[in-house]
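The values are calculated or read from the model by the stated rules, or taken from the named source; none is laboratory data. Since the structure is predicted, the reported quantities are computational estimates derived from the model, not experimental observations. With ideal geometry, Cβ positions are generated from the backbone for all residues, glycine too; neighbour counts draw on all protein chains shown.
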Amino acid sequence: MIDPYGVMVIWAELLGRSVALFIWVFVPFSIGYGLPFLASGRKGLNAMWVLAALALLSLAWILNAHGGPFGFRAVVVPWIFALAFGFVLSCSIREFLLRRAVSRRVPTTLAIGGFATMPMIVAGINALTLWAHREPNAACLAAHRTVDVAGTRYRLPNVPFVLMPDETNYTADGFINQRLRNRCASAQNSEAVPLRSGFRLDLHYGGQFQFTKKICADSPSKLRWMLDACAARSQVVLAKMQETFAGTHLPLALEVSEIPRTTERPYTLLEEHRSNLRRRDKRPYRELPGTSNFSIYADGEKAHYGETRFWIRKDVAQPEAFACRNIGNNVGFVRLLCKVRYARGATLIAYEFETEPGREEDTAAQIHARVQDVLAELAMPP
């Protein structure tokens with residue numbers, strides 16, 4: 001059944017994108033389509049078939065080539081495709097006209113009809129893309145997904161902040177729309193049979209996207225953590241956005257998953273970061289004088305440009321064990337990015353937050369308490 005929601009707003013954007021993409025491929029298509037019509041006789045047409053074959057081989061080589069910047073391929077492939085398509089289509093029409101005796105109107109009709117195929121293809125691709133990326137309707141946005149993580153059921157709202165394990169965190173509005181729409185089909189079934197899956201909350205203050213703003217403004221009933229995340233994203237100035245987000249004590253991201261039975265001490269980060277340091281070019285890493293609770297691992301006594309240093313909790317047997325590294329790019333860094341990972345029964349909980357040197361433990365305590373509140377808001381009664 002066709003969902004009429006969003007159809008009325010498609011056509012203006014469809015027209016604009018179709019014009020832009022048509023101009024993008026118009027030049028190579030016109031060259032490829034026009035040259036065979038200028039050829040006279042069989043020899044000239046054979047030469048055009050050779051050019052068509054070379055264009056097709058170039059397209060196949062680019063598509064199968066490994067490596068190279070994605071942006072380059074994204075620009076070149078449509079051009080080569082338009083050129084090859086123009087050559088093949090025009091050569092096919094000329095071949096038909098050389099082999100058949102037709103009236104004078106037929107060549108003109110075929111030429112105009114063949115040329116019209118390119119804008120039709122562009123318009124069709126745009127229409128499919130816009131339809132797939134259209135906004136979800138109100139019923140879809142109101143849906144909830146129920147997931148089971150190690151015996152605990154969580155009721156997840158259908159909002160951009162929530163990411164499932166099989167989803168990619170594309171933040172463009174069209175991809176957000178498609179992600180939310182794809183969830184609707186399984187939302188109703190999950191009420192009766194909860195999904196055995198983990199989830200992730202992407203709460204970072206960055207990214208002002210139109211549909212995220214719409215969710216924040218129009219959602220009839222918001223959880224407290226969602227209100228705070230929306231409040232940070234509603235700020236225009238980045239510094240104010242960061243300040244507002246820091247005041248919520250929310251983590252940058254929160255991930256909840258089930259611990260595989262073969263995993264031992266899943267909350268221990270010490271071995272992981274030591275391993276990361278061993279793989280660095282500069283060896284050996286050194287343990288520097290830290291505090292009673294932390295060790296500092298680095299390459300040397302003096303910090304240098306671009307160096308990463310890890311503040312690692314010594315008592316790694318505690319559930320709140322975490323590690324921090326600086327995220328500055330010079331010796332004047334003032335921020336640390338901390339990772340926390342701990343087990344709660346068979347559930348693995350991981351999150352990240354930013355803090356200042358010397359405030360690792362205080363900030364961790366505030367973030368940890370807020371994480372418990374967020375999980376309590378999402379958890380369903382037993």
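Quickly run through the stretch 199-229 and pick out the residues that are modelled with pLDDT of 85 or more and either more than 24 Å from residue 152 (Cβ to Cβ) or of a type in the set (A, V, I, L, M) (or both).
The answer is 201, 203, 223, 226, 227, 229.
Test each condition in (1) in contact with a Cys (Cβ under 8 Å, 6 or more places away or on another chain); (2) under 30 Å from residue 145 (Cα atoms); (3) at pLDDT below 85 for residue 342 and report the one that comes out false.
Of the numbered conditions (1) in contact with a Cys (Cβ under 8 Å, 6 or more places away or on another chain); (2) under 30 Å from residue 145 (Cα atoms); (3) at pLDDT below 85, the odd one out for residue 342 is (1).
If you go through the stretch 316-333 one residue at a time, do you hit one that is in a loop (DSSP other than H, G, I, E, B) and at pLDDT 70 or above?
yes
With respect to residue 73, is the statement that it is surrounded by 12 or more Cβ atoms within 10 Å (Cβ to Cβ), of a type in the set (D, E, K, R), modelled with pLDDT under 90 and assigned by TED's automatic domain parsing to the domain that holds residue 31 true?
So residue 73 fits the description; yes.
Filter the stretch 184-198 down to residues that are touching a Lys or Arg at 6+ places or on another chain (Cβ under 6 Å) and assigned to a helix (DSSP H, G or I) and give me whichever is modelled with the lowest pLDDT.
Per the stated criteria, the residue is 190.
May I ask you to say which residue of 23, 62 is closer than 30 Å to residue 127 by Cβ, touching a Lys or Arg at 6+ places or on another chain (Cβ under 8 Å), at pLDDT below 85 and in a helix (DSSP H, G or I)?
62
Among the residues in the stretch 149-161, are any without any contact (Cβ under 8 Å) to a residue 40 or more places away in the chain and under 18 Å from the mean Cα position of the chain (by Cα)?
yes
Is the stretch 153-172 home to any residue that is small (Gly, Ala, Ser), in contact with a helix residue (DSSP H, G or I) (Cβ under 8 Å, 6 or more places away or on another chain) and surrounded by fewer than 19 Cβ atoms within 10 Å (Cβ to Cβ)?
Within the stretch 153-172 (the criterion being small (Gly, Ala, Ser), in contact with a helix residue (DSSP H, G or I) (Cβ under 8 Å, 6 or more places away or on another chain) and surrounded by fewer than 19 Cβ atoms within 10 Å (Cβ to Cβ)), the answer is no, since none of the residues qualifies.
Given the condition closer than 26 Å to residue 182 by Cβ, under 27 Å from the mean Cα position of the chain (by Cα) and at pLDDT below 85, answer yes or no: does some residue in the stretch 77-87 qualify?
no
Of everything in the stretch 94-121, what is without any contact (Cβ under 8 Å) to a residue 40 or more places away in the chain, hydrophobic (A, V, I, L, M, F, W, C) and in a helix (DSSP H, G or I)? Give them in sequence order.
Listed by number, the residues that qualify are 96, 97, 106, 110, 112, 120, 121.
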